[in-house]
Amino acid sequence: IFIPGLFHIKMACADGIWRIFLEPAAARSDATSFYAFLPTLRPGDSSKIAKGTAGYQTLNECIIHVGRCERLGWWDRLVEDNIPGCKSLSDFALREPTWESVEKLAISLSKHVSSKRLRELRSQPTAKRDQQYENTLRRTQSFLLYEETAHAIRSGDVGRVEICLRKWIP
């Protein structure tokens, strides 16, 4: 189903990510921030991205690339923590894992980056909280939602777009 304007929804989602993770100066000061990845990913565009003058396509590419890199990092950590003798994803791949073992890890990863997990972390006393870690989880969730929204728009899944929009509206 083609619905005019869905591209503009995707642009608004990218703008929301920019407003949360790039526009505030404090959001760019952390070594684990979205902005910290940009000089490596887009060396000539990082200041334009921070100012909001780089354009939608550049921001879209950065969201997709940084999100995928972060997820690879999550996978790497998950494999190292849960598969004895594996120190990296490469080690895991060399073992030629079954689909079931990959699926089991994916379910574990989805629980690890879930909103429920983030609420649990935020409910701890301030002295025990790791705000960088919490912010990374929050960013991962936002980037996953962005990719899900983009995929739903590309595939014409209006019902999924509506579900995603419910999460974007706040």
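Descriptive notes on the structure:
- Qualifying position, being of a type outside the set (Gly, Ala, Ser), touching a Gly at 6+ places or on another chain (Cβ under 8 Å) and in a helix (DSSP H, G or I), among ASP76, ASP81, ASP91: ASP91
- Checklist (1) outside any helix (DSSP H, G or I); (2) among the β-branched types (Val, Ile, Thr); (3) surrounded by 12 or more Cβ atoms within 10 Å (Cβ to Cβ) applied to THR58, failing item: (1)
- Only listed residue being charged (D, E, K, R), under 19 Å from the mean Cα position of the chain (by Cα) and open to solvent by less than 50 Å² (accessible area, probe 1.4 Å), chosen from GLU134, GLU148: GLU134
- Scanning segment 13-45 for residues that are exposed (fewer than 12 other Cβ atoms within 10 Å of the Cβ) and either farther than 20 Å from ARG71 by Cβ or charged (D, E, K, R) (or both) turns up PRO24, ALA25, ALA26, SER29, PRO43, GLY44.
The values are calculated or read from the model by the stated rules, or taken from the named source; none is laboratory data. Quantities reported herein were computed from a predicted structural model and do not represent experimental measurements. Here Cβ is always computed from backbone atoms with ideal geometry, including for glycine, and neighbour counts include all displayed protein chains. With ligands, DNA and RNA removed, areas are computed over all heavy atoms of the protein, side chains included. Shrake-Rupley method; radii C 1.70, N 1.55, O 1.52, S 1.80 Å.
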